[in-house]
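Read the structure below first, then the notes.
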Amino acid sequence: MKAQVAVQRKLLILVYTLCKKDQEYEPDYFNKKIAQAEAQATQDKLKKSLPLEV
């Protein structure tokens, strides 16, 4: 029962937020955020590993 209420609450918050911001639901939203974070981490690693140009 508690799990059902938790899922219902998450869905309600999601729908409320989307309506409030007047946005459409994007199923790949989380995957895009992860991809952006990984790309940023890769860029940071490259910047640290490359020697400074003089």
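The values are calculated or read from the model by the stated rules, or taken from the named source; none is laboratory data. Only a predicted model underlies this, so the values are computations on that prediction, with no experimental measurement involved. Heads up, the Cβs are rebuilt from the backbone with ideal geometry, glycines too, and the neighbour counts pull from every protein chain shown.
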Inset, instruction - Please name all residue pairs, on different chains or six or more residues apart, with Cβ atoms under 7 Å, provided the first residue is in the range 1-25 and is outside any helix (DSSP H, G or I) and the second residue is surrounded by 10 or more Cβ atoms within 10 Å (Cβ to Cβ). - result: Tyr25/Leu18
Inset, instruction - For the range 30-52, indicate whether the set of residues that are assigned to a helix (DSSP H, G or I) and at pLDDT 90 or above is non-empty. - result: no
